[in-house]
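The values are calculated or read from the model by the stated rules, or taken from the named source; none is laboratory data. Source: prediction; values computed, not measured. We place every Cβ from the backbone using ideal geometry, glycine too, and count neighbours over all the protein chains shown.
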Amino acid sequence: MTLQVKISYRNVPTFTKDELKQVIKDTSEIWALSVINKIKLDLTGNKLNVKSGKLRNSIDKDVKQSSNKTTIKIGSWNIVYAKIHDDKAITIINPKQKRFLTIPVNGSVKGRALQYSNAHFMKFGGNLFLVQTKKGSLNPLFLLKKEVKIKGTGYITDNINNMFPMLENLLYINTGRAIGAKIK
């Protein structure tokens with residue numbers, strides 16, 4: 001998920017345009033890093049619980065300039081479930097190849113459900129589990145579900161929207177009143 005902020009340079013005197021572009025780029029980089037830090041903080045338990053840290057570590061920025069605009073992109077480009085977690089709509093996930101989604105019950109469970117020997121199904125509290133018998137005791141491995149509903153948290157979108165006034169203020173301060181940079 002990425003959001004773009006476009007900043008135009010219309011009606012800026014040409015003798016200051018290169019200097020202005022550099023100030024805007026530097027300011028945009030600083031702001032983007034602040035947003036990323038807030039997003040990563042949220043991904044450390046405030047909005048989502050961290051399991052592997054892949055999503056948190058994938059958050060990045062891309063600040064580019066052309067002749068008349070600066071584009072700031074903040075997001076995760078290589079994690080397929082990043083958009084699901086940012087989108088505030090409810091996403092329904094269904095199994096693609098098997099009858100059930102297999103959700104590991106604890107952190108020590110690794111691999112696929114079919115890999116576990118002595119495993120059998122057990123219903124508990126209205127839920128179906130795959131459990132393994134070890135030395136006479138039951139060890140729950142996977143919760144089996146026909147579908148899972150995930151409501152996204154807006155962890156990227158909300159932070160960008162909440163911190164956007166900070167970008168406006170930084171640009172206003174760093175470019176000066178006379179320049180008149182317009183933010184869309």
For segment 100-109, the count of residues that are in contact with a strand residue (DSSP E or B) (Cβ under 8 Å, 6 or more places away or on another chain) and assigned to a loop (DSSP other than H, G, I, E, B) equals 4
Among the residues that make up segment 65-77, is at least one of them in a loop (DSSP other than H, G, I, E, B), modelled with pLDDT under 90, farther than 30 Å from K21 by Cβ and out of contact with any Pro (no Cβ under 8 Å at 6 or more places or on another chain)?
no
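Of all the residues that make up segment 50-64, how many are in a strand (DSSP E or B) and surrounded by 13 or more Cβ atoms within 10 Å (Cβ to Cβ)? Steps first, answer last, please.
If we filter segment 50-64 for residues that are in a strand (DSSP E or B), which is where we start, we get 59-64.
Remaining after also requiring surrounded by 13 or more Cβ atoms within 10 Å (Cβ to Cβ): 59-63.
Summing the residues that are in a strand (DSSP E or B) and surrounded by 13 or more Cβ atoms within 10 Å (Cβ to Cβ) in segment 50-64 gives 5.
Is it the case, given these coordinates, that N162 is in the same structural domain as Q22 (by TED's automatic domain parsing) and under 26 Å from the mean Cα position of the chain (by Cα)?
Yes.
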Residue match in segment 132-142 (condition: over 24 Å from N94 (Cβ atoms), in a strand (DSSP E or B), at pLDDT below 90 and among the hydroxyl-bearing types (S, T, Y)):
yes
Just give me the residues in segment 34-55 being among the hydroxyl-bearing types (S, T, Y), more than 12 Å from the chain's Cα centre (by Cα) and at pLDDT below 85, in sequence order.
S52
Checked segment 89-147 for anything under 26 Å from G53 (Cβ atoms) and among the basic types (K, R); matches are K96, K110, R112, K145
Hey, among the residues in segment 143-163 that are of a type outside the set (S, T, N, Q) and assigned to a helix (DSSP H, G or I), which one's surrounded by the most Cβ atoms within 10 Å (Cβ to Cβ)?
I160
Name the residue that is surrounded by the most Cβ atoms within 10 Å (Cβ to Cβ), counting only residues in segment 78-95 that are in a loop (DSSP other than H, G, I, E, B) and modelled with pLDDT of 90 or more.
P95
